[in-house]
């Protein structure tokens with residue numbers, strides 16, 4: 001599964017970046033930067049009350065349009081903070097003990113998204129996004145707080161190195177002639193387990209903005 005996923009993602013990227021120079025000259029290609037906020041969580045089979053982890057995402061963007069068609073491709077490389085937070089409360093002999101545990105997952109994410117513009121051409125262009133992503137884990141930690149003490153444990157060996165899923169989004173581009181400002185809301189849902197055979201999958205809402213030129 002991982003080899004097939006990587007082959008599809010990288011084949012798409014090579015096809016995009018490896019176009020002949022004559023073809024590239026005919027395609028409107030824009031480069032830029034995007035960043036924003038992640039509201040991330042894990043879908044867990046046995047736990048329903050975990051809370052999201054709020055982090056940030058930032059990356060380089062490649063936007064490829066197709067002349068005379070309202071469809072293009074948006075891809076890039078993003079650093080993405082994800083994870084979840086659990087709170088445990090237990091009472092022993094009248095004493096209540098609270099424990100917080102935050103799973104911190106940091107990824108290098110590569111989305112390959114179809115970008116469909118709608119509405120008449122102009123300085124304001126709304127669009128929808130849809131497509132797959134591949135994410136490679138960079139860092140994985142479990143941070144626990146108990147009775148005022150905080151402990152951080154490296155759990156990278158317990159986390160699958162590759163996450164694969166789908167992204168859906170809605171956004172708008174504002175053409176300012178020299179540059180284009182873009183704002184987007186995205187929802188990404190993992191299709192593979194974060195922890196092997198545990199029914200744990202990434203769920204991320206991203207609010208991002210950036211510019212291309």
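Starting from the Cα-Cα distance between residue 68 and residue 151, subtract it from 0.36 nm times their residue separation and give me the gain in nm to one decimal. Extra length from residue 68 to residue 151 when fully extended: 24.2 nm.
A full extension of the chain between residue 118 and residue 178 corresponds to an added length of 19.4 nm, given 0.36 nm per residue minus the alpha carbon distance. Applying 1/(1 + (r/R0)^6) with r as the Cβ-Cβ distance of residue 98 and residue 209 and R0 = 30 angstrom yields a FRET efficiency of 0.25. The relative contact order of the range 103-182 comes to 34 percent, based on Cα pairs under 8 Å that sit 6 or more residues apart. With the simple model of a label 7 Å out from the Cα in the direction of the Cβ, residue 196 to residue 166 spans 2.7 nm. Net length available on complete extension from residue 58 to residue 33 is 8.3 nm, with 0.36 nm assigned per residue and the Cα-Cα distance removed.
All of the numbers you see were taken from the coordinates with simple rules; none came from a lab. Predicted, not measured: the structure shown is a model, and the values here were computed from it. In this analysis, Cβ positions are derived from the backbone assuming ideal geometry, glycine residues included, and neighbour counts consider all displayed protein chains.
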